[in-house]
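Enquirer: I'd like to ask some things about the structure below.
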Amino acid sequence: MLTITDIYIKYGDRVLLNNVSLTIKDRDKIGLVGRNGAGKSTLLKVMANDLSPDQGTIVRPNQSTLGFLHQELSLPLGKTVINEAMTAFTEVKKLEKRIDDISKEIEHRTDYESDAYARLIQELSDSGERFTMLGGHTMQADAEKILAGLGFQPKDMNRLTDEFSGGWKMRIELAKILLQRPDYLLLDEPTNHLDIESIIWLEEFLKTYEGVIILISHDKMFLDNVTNRTVEVELGNLYDYKAAYSKYIALRAERKEKTEAAFKNQQRVIAHKEKIINKFMAKANKTKMAQSMKKQLDKMERIEIANEDLAVMNIQFPPAPRSGREILKAQKVVKKYGDLEVLNGVGIHLERGDRVAFVGQNGQGKTTLSKILIHEETATNGSIELGHNAQIGYYAQNQAETLHPDLTLIQTMESKAKDDMRTKVRHILGAFMFSGEDAEKKVKVLSGGERARLALACMLLEPFNLLVLDEPTNHLDMLSKEVLKNALMDYDGTLIVVSHDREFLKGLTNKTIEFRDKQLFEYLGDVDYFLEKRKLRNMREAEKRTEQKNESKNNNSPLNSEEQKQKREQLKRLQKDVKNIENKISRTEKEIEQLEQKMASEDYFTSPDAQKNIDKYNELKLNLEQLMSLWENAQEKLDALES
C-alpha cells in the first residue's frame, strides 16, 4: 500500500496541491485526470520521490520497486536497441551471479546441520524464486517480445539508439520499465508517441499487469480499457472515484449536483440561524442564547463549492470556399530518403467533401505523404494534382514548435494575418482562451497545450477547403480535444487527419487509409470499421500461417499454378465489381444532392414537377440503400480473398 498524506505544494502565489491525501492499494489501476497545469505530473513526481513537497509525507512498502515513465527522459547513446532494453535486467543479473556464487559455495560446504548452511539454502531458494518471477529464464525473449509489441521490427534490434527519434527512444524507455515489472508502475502520457497498434498492445499488457498502475493520459479509450479507478486533480484538491474514465464523468456530474444542492440547503440554514441570532441579540433576555447559537454556527463545517475552470476553446472553422469536384489526385508516388524507401508507387484520389483518416505505425509515411500532397515536400517520383480552387490549411505535427519564441501572441497572429483579418485577431485569440493581457505574453512562456492552441488559432486567419491535420490533439486536454472534434464535424470542406487517437477519430471520417509496407490500404469507414476489419484480417493471416505450416508438414508441395491463376482472376472480378458499385453509389449520391438543393428553395413545392421529383428522390434513396448493401457484401468477399 502506498500512502500520501497532507501533501502541500505551492509555486509562487499558486497553491498546486492543497494538503491532499491518497491511499493506493495493491493492484489498483488509477487514471490521474484534470485540466492541463492542474498538477497531475507534479503529483506523479511526488509519488516517485522525484520531487519533495513543501509539506506532507509519502510512504511506500520497504523492498517494493517503482518504475516511472516521465516526459523528460534522457536515454544513453551508443547501445543497440536490444542491449539498451536488456539493461532493465540489472537486478536479475545480480541475482543470477548471486545464485551462481551460492551454488559454488554449497559444493564445498560439509556443515550440513549448521544454521549458516540452512541460511545459505534458504537464500538460494529465495533468490531462485525472485529470479524466476523477474523473468530471469526468458530475458532475451521477453525483451524482444515487448519491443515488438511497441512497434520495433526484428531489423531494429541491432540498430543504435542514436538513430531513433525522441518518440522511439521513449518506446525503448517504456520497454525497459515494463521488463522490470515494478510493483508500482507510474506512466505520464505513455501513448503520446505510440501508434494505434502499439496502444492496443500496451492496453492488453496493462490489463493483466499484476502491480499497481498510476497513469496520466488524454486518451479516453485507453483510460477506459486500462483503469478501474479515477483520481481527479482540480484546483488543488483530489477527488477519488472507484471507476474508469467514462463512468467517472457521470459520477462526477452526480457529485457536483449533490454538492451544489447541499451547499444551497446549508446556506438557507445559515441564513435562517443568523436571522434568529440577530433577532435574539436585540433582546436582553435572549443574548446568552444568541451567543450560544452563534458558537454552534461558527463550529459548523461549511460546504464549499470550487470555482471550477470550465473555460474551453470556441473553434469555428471558416466556411470552405467552393472547390472543384475532384480536389486532389496523386498517382504512383514514390518517396525515398537516400536508400530508405518510404512509399512505393502509392495513389490517392479525393473528391470534395471527403473525410479521410491516415493511420498506421510510425515511420510508415503518413506525415511524408501529407506533406507531399500539399507540396510541402517533393516526391521522388509520381504526380500530384490539386483540383480547381483548392485552398490548403495545414497543421503540422510540430506546428507549435515553429512559432517564434520571442514574439508575443498578438504579434504572432498579426504576422500571419492578411489585412482584412487583422481587426479580428484579438477576437480569435479570445476564442482560444487567450484574453486581455494574455495577448501580450511571449510565446516562450506558454505551456505545450497553450502553444498548440495558439497554432490552431493561426489556422483560422484564412479560409481553406482542403484541411490537413497531422496529430492535432498532441498537448490538448480532454475538453479541448472534444471542442476541436466538434468543430471538425461541422467543417464543410475536405479533411485529411493523421492521428492515433481512436476516440478522436471515431465518427470523424468516412474513409480510413492504412499505411503499411510502403503501400496504402483503403477502408470505406471510420477508425472503428478499420480496426474491426484489421482484426479480422489478422485472424485470417494467423489461420493462413497455421494452414500453410500444416500443409508444409504434410506434403511440402507448392500451390497448384492453376489454382493461383483462378484466384487472381476472381480477385480482379471482385475488385472490378467493388469499383463499379462505388461509382454507382457516387452518381446516386450526386443525384440525391442535386434534388435536395432544388427542394430547399422556398417556391419548390408550388412547381409542377414537385411530386415527380419527390418520387424520384425516394426511389434514389432506396437505390442507395440497396447499393450500399451490395457494396458491403462485395467488399467482404474481396477482403476475404485478399487475406
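Enquirer: With every protein chain left in place, what is the accessible area of K366 in Å² (1.4 Å probe, nearest 10)?
Expert: 10 Å²
Enquirer: Run the Debye formula on the Cα coordinates of the stretch 191-258, all scatterers equal and no solvent, and tell me log10 I(q)/I(0) at q = 0.12, 0.19, 0.26 1/Å.
Expert: -0.35, -0.80, -1.21
Enquirer: In µm²/s, what is D for the stretch 81-188 at 25 °C and 0.890 mPa s, where D = kT/(6 pi eta Rh) by Stokes-Einstein and Rh is the Kirkwood radius from Cα pairs?
Expert: Estimated via Stokes-Einstein, D reaches 155 µm²/s.
Enquirer: Is there a quick way to get the dipole size of the stretch 33-173? I mean about its Cα centre, with the Cβ of Lys and Arg at +1 and of Asp and Glu at -1; what is the value in debye to the nearest 20?
Expert: Numbers: 18 positive and 22 negative charges, 147 e Å.
Rounded to the nearest 20 debye, it is 700 debye.
Enquirer: Something else about it: Which percent of Cα pairs goes in each bin when the distances of the stretch 333-456 are cut into 10 angstrom slices starting at zero?
Expert: 11, 32, 27, 24, 7, 0
Enquirer: Give me the base-10 log of I(q)/I(0) for the chain at each q in 0.06, 0.12 Å⁻¹, Debye formula, one uniform scatterer per Cα, rounded to two decimals.
Expert: Values returned for q = 0.06, 0.12 Å⁻¹ are -0.48, -1.44.
Enquirer: While we're looking at this one, here's another question. Considering only protein heavy atoms, what per residue accessible area in square angstrom results for the stretch 351-395 with a 1.4 angstrom probe?
Expert: Result: 42 Å² per residue.
Enquirer: Work out how far the C-alpha atoms of the stretch 446-533 reach from end to end along every principal axis, then list the three figures in whole Å, largest first.
Expert: 40, 26, 25
Enquirer: Right, here's the next one. Once you keep just the Cα pairs under 8 angstrom separated by 6 or more residues, what percentage relative contact order results for the chain? Walk me through the numbers before you get to the answer.
Expert: Values: 927 pairs, mean separation 77.4, N = 643.
Over the chain, the number comes to 12 percent.
Enquirer: Assign unit charges at the C-beta atoms only (+1 for Lys and Arg, -1 for Asp and Glu), then state the dipole size of the chain relative to its Cα centre in Debye, rounded to the nearest 20. If you can, show how the numbers build up before the last one.
Expert: Values: 97 positive and 103 negative charges, 355 e Å.
Its charge dipole is roughly 1700 debye.
Enquirer: Averaged per residue, what accessible surface does the stretch 253-314 expose to a 1.4 Å probe, in Å²?
Expert: Values: 5050 Å² over 62 residues.
Counting only protein heavy atoms, the per-residue value for the stretch 253-314 is 81 Å².
Enquirer: What do you get when you divide the Cα radius of gyration of the stretch 405-453 by 2.2 N^0.38 Å, with N the number of residues? Display every interim value, and only then the final one.
Expert: Numbers: Rg = 10.2 Å, N = 49, 2.2 N^0.38 = 9.7 Å.
Compared with the compact-globule rule of thumb, the stretch 405-453 sits at 1.06.
Enquirer: Considering only I270, L524, G67, whose Cα is most displaced toward the positive end of the charge dipole of the chain, charges sitting on Cβ of Lys, Arg (+1) and Asp, Glu (-1)?
Expert: Farthest along the dipole direction, towards plus: I270.
Enquirer: Separate question: Percent relative contact order of the stretch 338-459, based on C-alpha pairs within less than 8 angstrom and at least six residues apart?
Expert: Numbers: 77 pairs, mean separation 29.5, N = 122.
Relative contact order, the stretch 338-459: 24 percent.
Enquirer: Report, largest value first, the span of the C-alpha coordinates of the stretch 368-433 along each principal axis, in whole Å.
Expert: The principal-axis extents, from largest down, are 43, 28, 19 Å.
Enquirer: Also, quick follow-up: Placing +1 on the Cβ of each Lys and Arg and -1 on the Cβ of each Asp and Glu in the chain, which of L479, T287, L179 has its Cα farthest towards the positive end of the resulting dipole?
Expert: The one lying farthest along the dipole's positive direction is T287.
Enquirer: Please report, as a whole percent, how much of the solvent-accessible surface of the chain comes from carbon and sulfur atoms (probe radius 1.4 Å). Display every interim value, and only then the final one.
Expert: Working: 16750 of 35330 Å².
Here it works out to 47 percent.
Enquirer: Same structure again: Using the per-residue mean of other Cβ atoms lying within 10 Å as a proxy for protection, in what order, highest first, do the peptides 350-358, 215-223 fall? Numbers along the way, then the final one.
Expert: Values: 350-358: 20.1, 215-223: 23.6.
Going by the mean number of other Cβ atoms within 10 Å, highest first, we get 215-223, 350-358.
Enquirer: May I ask you to compute the full-extension gain from N618 to S74, defined as 0.36 nm times their residue separation minus their alpha-carbon distance, rounded to one decimal in nm?
Expert: Numbers: separation 544, 0.36 × 544 = 195.84 nm, distance 6.33 nm.
Going from the current span to full extension adds 189.5 nm.
Enquirer: Ordered by packing density, taken as the mean number of other Cβ atoms within 10 Å over each peptide's residues, highest first, how do 160-169, 296-305 rank? Intermediate results must be reported in sequence, preceding the final value.
Expert: Working: 160-169: 14.6, 296-305: 9.8.
Going by the mean number of other Cβ atoms within 10 Å, highest first, we get 160-169, 296-305.
Enquirer: Might you work out the accessible area of R502 for me, using a 1.4 Å probe with all protein chains in place, and round it to the nearest 10 Å²?
Expert: 10 Å²
Enquirer: Taking the stretch 561-643 as the region of interest, what is the percent of Cα-Cα pairs per 10 angstrom bin, listed from the shortest bin to the one with the maximum distance?
Expert: 16, 33, 22, 15, 9, 4, 1
Enquirer: Please report, in debye to the nearest 20, how large the charge dipole of the stretch 429-474 is about its Cα centre when each Lys and Arg carries +1 at its beta carbon and each Asp and Glu carries -1 there. Please report the intermediate quantities before stating the final value.
Expert: On the way: 5 positive and 7 negative charges, 29 e Å.
Dipole size: approximately 140 debye.
Enquirer: Next up: For the stretch 160-311, how big is Rg over Rh, using alpha carbon atoms and the Kirkwood form of Rh?
Expert: Values: Rg = 25.7 Å, Rh = 20.1 Å.
That ratio is 1.28, to two decimals.
Enquirer: Rg to Rh ratio, the stretch 128-230, alpha-carbon atoms and Kirkwood radius? The partial results should precede the final answer.
Expert: Values: Rg = 14.0 Å, Rh = 14.6 Å.
Ratio of gyration radius to Kirkwood radius for the stretch 128-230: 0.96.
Enquirer: Determine the principal axes of the Cα atoms in the stretch 240-318, then give the extent along each, sorted from largest to smallest and rounded to whole angstroms.
Expert: Sorted from largest, the Cα extents of the stretch 240-318 read 70, 37, 14 Å.
Enquirer: Sticking with this structure for a sec: Using a probe radius of 1.4 Å on heavy atoms only, what accessible surface per residue do you get for the stretch 141-189? Whole Å² is fine.
Expert: On a per-residue basis, the stretch 141-189 sits at 38 Å².
Enquirer: Still on this model: For the chain, what is the mean residue ellipticity at 222 nm derived from helices alone (per DSSP H run of n ≥ 4: -39500 (n - 2.57); sum divided by total residues; nearest 500 deg cm²/dmol)? Could you put the intermediate results ahead of the total?
Expert: Values: 19 runs with 299 residues, N = 643.
Result for the chain: -15500 deg cm²/dmol, rounded to the nearest 500.
Enquirer: To the nearest 0.05, what FRET efficiency results for E591 and D528 with a Förster distance of 35 Å applied to their C-beta separation? Can you show the working numbers first?
Expert: Details: r = 29 Å, r/R0 = 0.83.
It comes to 0.75.
The values are calculated or read from the model by the stated rules, or taken from the named source; none is laboratory data. No experiment lies behind these values; they were computed from the predicted model shown. For neighbour counting, all protein chains shown are included, and Cβ atoms are generated from backbone atoms with ideal geometry for every residue, glycine included. Side chains included, ligands, DNA and RNA excluded: accessible areas come from the protein's heavy atoms. Shrake-Rupley method; radii C 1.70, N 1.55, O 1.52, S 1.80 Å.
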